[in-house]
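Colleague: Below: one structure in structure tokens.
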Amino acid sequence: MSKVKVFLTGGAGFIGSNIAKTLADHSGIEKVIVFDNLSTGNIDNISPLLENQKFVFVKGDIRDLNACLEASKGADVICHQAALGSVPRSISDPATTHDVNCTGTLNIFIAAKQNNIKKVVFASSSSIYGDNPALPKKEENKGNPLSPYAVTKQTNELYADTFSKAYDFNYIGLRYFNVFGPNQSPDGPYAAVIPLFILNTIKDKPSIIHGDGSQSRDFTYVANVVQANIHAILSDKKESWNTMYNIAYGGRSTVLELYKKIIKAAEKKIEPVFVSSRPGDIPHSLADISKAKQLLSYQPTVSLDEGLHLTYKWFEKKFALRSNL
């Protein structure tokens, strides 16, 4: 396969910046065009890449169709990571979540169609399983969404499937399960649970657990998600196209167990603070990743415990640098 030019949206964000670094180092990639409006992304996440000859940064918003059309010209594959995440944020502000996640993603699909880009790899979410209680989660068994965020992700999947039938359009959709790791922000009211737990632990502060902590998740280290994206971007097996995949580790931990792992790793004794459950949260999540293993050659290599260790060390170093400023 000839070298590939990738248009990467959200490439200054948490997951996107980890993908960007791997793409920039990959011998099969000719060019990486990162497109990000920096609303939730951070230019510091990609600053080491700005001197790389294969790397181009374009500040732009996926809600601007003309900007998407112009910036994606000449790309072979789009890797679409830009989104407004967080279930609680979508409940607080459903309009903006819809605008970014639905209108923005539709613009990316239109840009792919009009610029004759052969494939779009895009990020979906385990939230689309909604009220379906069955475990493990299998791609074909969706539920009713429990939040506006989940509705937007299900809408994206419907658009992708419809475009593949109506136009010369191919996609690979990746349903992420609770991704964590370096470059994930612990700041703001909608920060994910792992960076919040870790930063609070470093600061010797108690963390908040919503509900009794028995809700379980398939926590997935970001390197595993990056691997799935690289395989999807480079896959020329047409049987792997135009379908959705669970991307996770394939294991499960409760939020309280997760908290205890972090506290133990830090060799500290800090009791959490329990508050009421949040609306829109799925009670339990565990992925069946057999389809991704079979068709994308996906094989997660970093376990929850190893990922927590790596993430804790990264945050410890970052916090030490921040404290010294």
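Colleague: If I filter segment 45-54 for residues that are farther than 28 Å from residue 164 by Cβ, in contact (Cβ under 8 Å) with a residue 40 or more places away in the chain, surrounded by fewer than 17 Cβ atoms within 10 Å (Cβ to Cβ) and not acidic (Asp, Glu), do I get at least one hit? Give the derivation first.
Modeller: Initially, segment 45-54 is screened for residues farther than 28 Å from residue 164 by Cβ, giving 45-54.
Filter once more, so that each one left must be in contact (Cβ under 8 Å) with a residue 40 or more places away in the chain: 45.
Pick out the ones that are also surrounded by fewer than 17 Cβ atoms within 10 Å (Cβ to Cβ) and you get none.
No.
Colleague: Could you tell me whether any residue of segment 265-281 is in contact with an Asp or Glu (Cβ under 7 Å, 6 or more places away or on another chain) and within 27 Å of residue 134 (Cβ to Cβ)?
Modeller: Among the residues of segment 265-281, not one is in contact with an Asp or Glu (Cβ under 7 Å, 6 or more places away or on another chain) and within 27 Å of residue 134 (Cβ to Cβ), which makes the answer no.
Colleague: Got a number for residues in segment 266-298 being in a loop (DSSP other than H, G, I, E, B) and closer than 13 Å to residue 245 by Cα?
Modeller: Selection size over segment 266-298: 4.
Colleague: So is residue 168 surrounded by fewer than 17 Cβ atoms within 10 Å (Cβ to Cβ) and either in a loop (DSSP other than H, G, I, E, B) or in contact with a Gly (Cβ under 8 Å, 6 or more places away or on another chain) (or both) or not? Before the answer, list the steps.
Modeller: Values: surrounded by fewer than 17 Cβ atoms within 10 Å (Cβ to Cβ): yes; either in a loop (DSSP other than H, G, I, E, B) or in contact with a Gly (Cβ under 8 Å, 6 or more places away or on another chain) (or both): yes.
When the stated conditions are applied, residue 168 passes them.
Colleague: Can you list residue pairs whose Cβ atoms sit under 9 Å apart, with the first residue in segment 232-243 being free of Cβ contacts under 8 Å to residues at least 60 places away in the same chain and the second being buried (at least 17 other Cβ atoms within 10 Å of the Cβ) and assigned to a helix (DSSP H, G or I)? Count only pairs 6 or more apart in sequence or on different chains.
Modeller: Close Cβ pairs (under 9 Å, with a partner that is buried (at least 17 other Cβ atoms within 10 Å of the Cβ) and assigned to a helix (DSSP H, G or I)) amount to 237/295; 237/296; 239/295.
Colleague: State yes or no: is residue 263 more than 24 Å from residue 122 (Cα to Cα), touching a helix residue (DSSP H, G or I) at 6+ places or on another chain (Cβ under 8 Å) and assigned to a loop (DSSP other than H, G, I, E, B)? Give the steps one after another, and end with the answer.
Modeller: Values: more than 24 Å from residue 122 (Cα to Cα): yes; touching a helix residue (DSSP H, G or I) at 6+ places or on another chain (Cβ under 8 Å): yes; assigned to a loop (DSSP other than H, G, I, E, B): no.
No.
Colleague: Testing residue 116 on (1) in a helix (DSSP H, G or I); (2) out of contact with any Lys or Arg (no Cβ under 9 Å at 6 or more places or on another chain), one condition comes back false. Which one is that?
Modeller: For residue 116, the failing item is (1).
Colleague: Can I ask one more? Quick check on this structure: which one of 24, 75 is in a loop (DSSP other than H, G, I, E, B), aliphatic (A, V, I, L, M) and touching a Phe, Trp or Tyr at 6+ places or on another chain (Cβ under 9 Å)? I'd like the intermediate steps shown before the answer.
Modeller: Values: 24 fails: in a loop (DSSP other than H, G, I, E, B).
Checking each option against the conditions leaves just 75.
Colleague: Could you check segment 61-86 and list, in sequence order, the residues that are crowded, with 22+ Cβ neighbours inside 10 Å and farther than 24 Å from residue 235 by Cβ?
Modeller: 85 - this is the single residue of segment 61-86 that is crowded, with 22+ Cβ neighbours inside 10 Å and farther than 24 Å from residue 235 by Cβ.
Since every read-out is calculated from the coordinates, none of them should be taken as a lab result. These numbers come from a predicted model, not from an experiment. When we count neighbours, we look across all protein chains shown, and the Cβ atoms used for this are built from the backbone with ideal geometry, even at glycine.
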